[in-house]
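Scroll down for the structure; my scribbles are underneath it.
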Number of protein chains: 2
Amino acid sequence: MRARELVEPFPVVTTETDAMDAARAMAAERRPGLIVCTQDGHPFTVLPGSQVLRFLIPTYVQDDPGLARALDEQASDELCRKLERSKVGDLLPRRKDLDDLPVVDGDATALEVAAVMARMHSPLVAVVVDDKVVGAVTVNRLLDYLLPPTAPR
Amino acid sequence: MRARELVEPFPVVTTETDAMDAARAMAAERRPGLIVCTQDGHPFTVLPGSQVLRFLIPTYVQDDPGLARALDEQASDELCRKLERSKVGDLLPRRKDLDDLPVVDGDATALEVAAVMARMHSPLVAVVVDDKVVGAVTVNRLLDYLLPPTAPR
């Protein structure tokens, strides 16, 4: 089984996409993340939902989540409004964390996809065919395929 | 908004649950992970899908995913059968990675949940009320709540 047979359509954004639109799309479609491409269509990385939160929540609160209790709803609204002034590129971790991309060729085997996902702790891997992102393989789809069928009891 | 109002029912397994059953449940229900409790019902950790793959795929293949191409379907089946002889506890990273648990009290605020998720890079956080796991808050549910409604254009 090859990546191109396991692929599902997946929303693709660019580093220039409005960050609020991207976060809303992820939440509304119940996606584990989004595929991020450069403006010329090359896969750049995968943006998981928790990374959006890492952008929104100040580091000192991440380090000590109990501090969040001191912040009221208004502070919460203000934090989220950071997304309105941002682009997807702003949400991404700094370049040093981006050495590896969770991207495979359409001809990658299921095990190769699994190895990339495992290595990157990623819930999805973008699939590229003819230099174009055609969708993603999710960890659930992959497990569905890899696990042996239930034996009759 | 408190964690207990954002919580969704979520499958809970224990460290003694059959690993194959747990992985199948995660894949079939399209969950981003499972809540793992100890046998006496205390929350232990969250098991994300990519961690199942980290258990299945040999480290040398994770380090160089191209090597996976040399493995045939039979090798793939054999790797997956590791799950048949394992329990959920075997899938978890070693203890040193478990210092923090993605767990909050039912009274935690939405921002506190967000801070825990951000800190742990976790797509879900288990919610505990009266010393019992009552479900989880997912990153998508939380973003849905936190993001301001779309302004009319």
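The values are calculated or read from the model by the stated rules, or taken from the named source; none is laboratory data. Here the structure is a predicted model, which is why all the values come from computation and not from measurement. Using ideal geometry, Cβ is built from the backbone for each residue, glycine included, and neighbour counts are taken over all protein chains shown. With ligands, DNA and RNA removed, areas are computed over all heavy atoms of the protein, side chains included. Shrake-Rupley method; radii C 1.70, N 1.55, O 1.52, S 1.80 Å.
Observations
- Some residue of segment A:143-151 being at pLDDT below 85 and open to solvent by less than 30 Å² (accessible area, probe 1.4 Å): yes
- Selection status of B:Ala23, crowded, with 20+ Cβ neighbours inside 10 Å, small (Gly, Ala, Ser) and in contact with a strand residue (DSSP E or B) (Cβ under 7 Å, 6 or more places away or on another chain): no
Residues are listed down the side, and each one gets a yes or a no for (1) open to solvent by 10 Å² or more (accessible area, probe 1.4 Å); (2) away from every other protein chain (no Cβ under 14 Å); (3) closer than 21 Å to B:Leu6 by Cβ:
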residue	(1), (2), (3)
A:Ala3	no, no, no
A:Leu6	no, no, no
A:Asp18	yes, no, no
A:Ala28	yes, no, yes
A:Gln39	yes, yes, no
A:Phe44	yes, yes, no
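- Scanning segment B:99-153 for residues that are within 15 Å of the chain's Cα centre (by Cα), facing chain A (nearest Cβ under 9 Å) and among the small types (Gly, Ala, Ser) gives B:Ala118, B:Ser122.
- Matching entry among B:Ser76, B:Ser50, B:Ser86 (being more than 8 Å from every other protein chain (Cβ to nearest Cβ) and of a type in the set (Ser, Thr, Tyr)): B:Ser86
- Elements of type strands (runs of 3 or more DSSP E) contained in segment B:1-113, each with 1 or more residues being among the hydroxyl-bearing types (Ser, Thr, Tyr) and within 24 Å of A:Asp144 (Cα to Cα): B:12-14, B:43-48
- Scanning segment B:51-75 for residues that are open to solvent by less than 10 Å² (accessible area, probe 1.4 Å) and not β-branched (Val, Ile, Thr), we see that the one that is farthest from the chain's Cα centre (by Cα) is B:Ala68.
- Residue that is modelled with the highest pLDDT [pool: residues in segment A:114-142 that are among the charged types (D, E, K, R) and part of a helix (DSSP H, G or I)]: A:Arg141
- A:Phe10 being more than 8 Å from every other protein chain (Cβ to nearest Cβ), surrounded by 15 or more Cβ atoms within 10 Å (Cβ to Cβ) and under 11 Å from the mean Cα position of the chain (by Cα): yes
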